[in-house]
Amino acid sequence: MDHSVMNKNQAGENFKREFSGTLDDAEELVRMTADQTGEQVAAARRKITQSLSQARQELQRMQMQATETARRAAYGVDDYVHTNPWKTLGFAALLGVVVGLLITRRDH
């Protein structure tokens, strides 16, 4: 797999983990203030809860969109490989030669 693709995947996972952690922290804060009284506190809690719900839905939508994009890309590659097997084989062989030359050159 290409390093840039791996880095993008890792960055996406890091973002998802950090964003989800932030949402968890905010939800914990809302739970901790559950015993607080007053209309302003109640209104703030409702607003925060609604915002958290929307943020979670957006995170889920982004994840589904990324999954669908990756799936379409994989189908595109699969279709190309099946449509052009000799081109794919030639490209793979050329790539192998280039990588082999680079490795040999680095060792000297």
Summed over the other residues with a beta carbon less than 14 angstrom from that of VAL98, with K and R at +1 and D and E at -1, the charge totals +2
For region 3-83, using Cα atoms only, the Rg and Dmax in Å read 19.2, 67
Ranked from fewest to most other Cβ atoms within 10 Å of their own Cβ, THR88, THR69 fall in the order THR69, THR88
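Values in this text are rule-based calculations from the coordinates and carry no lab data. On a predicted model such as this, the values are computed, not experimentally measured, just so you know. When we count neighbours, we look across all protein chains shown, and the Cβ atoms used for this are built from the backbone with ideal geometry, even at glycine.
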